[in-house]
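What follows is a set of notes on a single structure, which appears directly below.
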Amino acid sequence: MPEPPAPNAVAVTVPAVRRAVEEVLRVLKKLALAALAAGALAAVRKRSGGKAEADLWHEATRGPDAVSTPTNR
């Protein structure tokens, strides 16, 4: 059976593992923040894109030069 590591080796390893875990958590926080920012940007773009489409539709269906005239049903 292999011998367990010396107590000194374990004491040196624990801080290294702790630093690695803290680094992973920092990276995950940054990733979550970036994902949140990307989602907010996508929502704003979608909303402004929908408004622009509605404005174009309104312009195309109103007035004497309208491409299509809506019917009242």
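Go through Arg62, Arg19 for me and flag whichever is surrounded by 10 or more Cβ atoms within 10 Å (Cβ to Cβ), part of a loop (DSSP other than H, G, I, E, B), modelled with pLDDT of 75 or more and not small (Gly, Ala, Ser). Don't jump to the end; show me each part of the working.
On the way: Arg19 fails: part of a loop (DSSP other than H, G, I, E, B).
Sole residue among the options that is surrounded by 10 or more Cβ atoms within 10 Å (Cβ to Cβ), part of a loop (DSSP other than H, G, I, E, B), modelled with pLDDT of 75 or more and not small (Gly, Ala, Ser): Arg62.
Count, please, the residues in region 2-16 that happen to be in a loop (DSSP other than H, G, I, E, B), surrounded by fewer than 10 Cβ atoms within 10 Å (Cβ to Cβ) and modelled with pLDDT under 70.
We begin by selecting, within region 2-16, every residue in a loop (DSSP other than H, G, I, E, B); these are 2-6.
So of that shortlist, the ones also surrounded by fewer than 10 Cβ atoms within 10 Å (Cβ to Cβ) come out as 2-4, 6.
Narrowing the set further to residues that are modelled with pLDDT under 70 leaves 6.
Total meeting the criteria: 1.
The values are calculated or read from the model by the stated rules, or taken from the named source; none is laboratory data. Predicted model, so just to flag it, every value in this text is computed and none were measured. FYI the Cβ positions are ideal-geometry reconstructions off the backbone, even for glycines, and counts take in every protein chain you see.
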